[in-house]
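One structure is given below, encoded as structure tokens.
We did not get these values from a lab; they are worked out from the coordinates using the rules stated. Everything numeric here is computed off the predicted structure, so don't read it as measured data. Cβ placement follows ideal geometry from the backbone for every residue including glycine, while neighbour counts extend to all protein chains displayed.
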Amino acid sequence: MPVSNTKTKKVIHLTKDLTSIALMLALICIMAQIVIPLPFSPVSITLATLGVFITCAVFGFKGLIAVICYVIAGAIGLPVFAGFQGGLGVLTGPTGGYIIGYIFCGISVASLSGKGRLWLLVSLICGFFLCSVSGCLWYMYIAKADLWKAVLLTIVPFIPGDVLKMILTVIFAPKFRKALNLK
């Protein structure tokens, strides 16, 4: 029985989607390994946030699927988190709120993906805020820290780097979308 052209197109489309998600997952995993420890903070600077920004800005909700897969992969113990760590212990540690915050960030960025650079910037700022609040609140809970201490240790040191990550995303994500013929 011959395979219909429509069925073949669906299989090809699904294959492209799964390949894109796998590549974006790999990108986030690799970028999470680029770590700059801060001696005064329990949280290190990583490029995982940039991976989330780029992934969701370029691929939209398919990128968000890659972010969710990243969190799940780490949660089940694969060494994908910063420092080649994995497992629920990382999610319950000082950086766990940020890792969960990647999902909130991804939702923000993916929801305005492809809507223009201004909306991309707005979504990135919202995503940074959501991720930072998630990380800060979780740190406050596990460290029994007050709000100001938590903000000074887990948000303020990251603002300059995350602003740079947002600028890079605003510059390059539209170019990647165009190069990949994404609308």
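Please list, in chain and number order, the residues 5+ apart from Ile45 or on another chain whose amide H is under 5 Å from its amide H, with Hs placed from the backbone.
Amide H neighbours of Ile45, under 5 Å, 5+ apart: Ile36, Leu38.
Using r as the Cβ-Cβ distance of Phe61 and Leu152, and R0 as 41 Å, what FRET efficiency do you calculate, to the nearest 0.05?
Efficiency for this residue pair is about 0.75.
Give me the dipole magnitude in Debye, nearest 20, for the range 27-183 about the Cα centre, with unit charges on the beta carbon: positive for Lys and Arg, negative for Asp and Glu.
So the magnitude is around 560 debye.
222 nm [θ] for the chain, helices only, -39500 (n - 2.57) per DSSP H run of 4+, per residue, to 500? Walk me through the numbers on the way to the answer.
Working: 8 runs with 131 residues, N = 183.
The helix contribution divided over the chain gives -24000 deg cm²/dmol.
Relative contact order (percent) for the chain, with alpha-carbon contacts under 8 angstrom and 6 or more residues of separation?
21
Please grab the % of Cα pairs in the range 71-183 that end up more than 21 Å from each other.
Working: 2851 of 6328 pairs.
Counting pairs separated by more than 21 Å, the tail of P(r) holds 45 percent.
For the range 1-93, which chymotrypsin sites (Phe, Trp or Tyr not before Pro) pass both filters: DSSP loop (anything but H, G, I, E, B) and at most 10 other C-beta atoms within 10 Å? Can you show the working numbers first?
Values: sites: Phe40, Phe53, Phe59, Phe61, Tyr70, Phe81, Phe84; in loops: Phe40.
Taking the range 1-93 and a limit of 10 other Cβ atoms within 10 Å, the loop chymotrypsin sites (Phe, Trp or Tyr not before Pro) found are Phe40.
Please sort through the DSSP H helices of the chain and keep those with an alpha-carbon extent of at least 24 Å along the long axis and a Kyte-Doolittle average not below -0.5.
Membrane-span-like by this rule: 5-32, 117-143, 159-179.
Among the listed pairs Lys10/Lys175; Lys115/Lys175; Lys62/Lys175; Lys16/Lys178; Lys10/Lys62; Lys7/Lys178, give every one whose C-alpha distance is greater than 23 Å. Could the numbers behind the result be given before it?
Working: Lys10/Lys175 27 Å; Lys115/Lys175 13 Å; Lys62/Lys175 18 Å; Lys16/Lys178 16 Å; Lys10/Lys62 16 Å; Lys7/Lys178 27 Å.
Result: Lys10/Lys175; Lys7/Lys178 exceed 23 Å.
Provide the net charge surrounding Leu124, with neighbours chosen by a C-beta distance below 15 Å and charges set as Lys +1, Arg +1, Asp -1, Glu -1.
Computed value for this residue: +3.
How far, in nm, would the chain grow between Arg117 and Ile171 when pulled straight, counting 0.36 nm per residue and subtracting the alpha carbon separation?
18.6 nm
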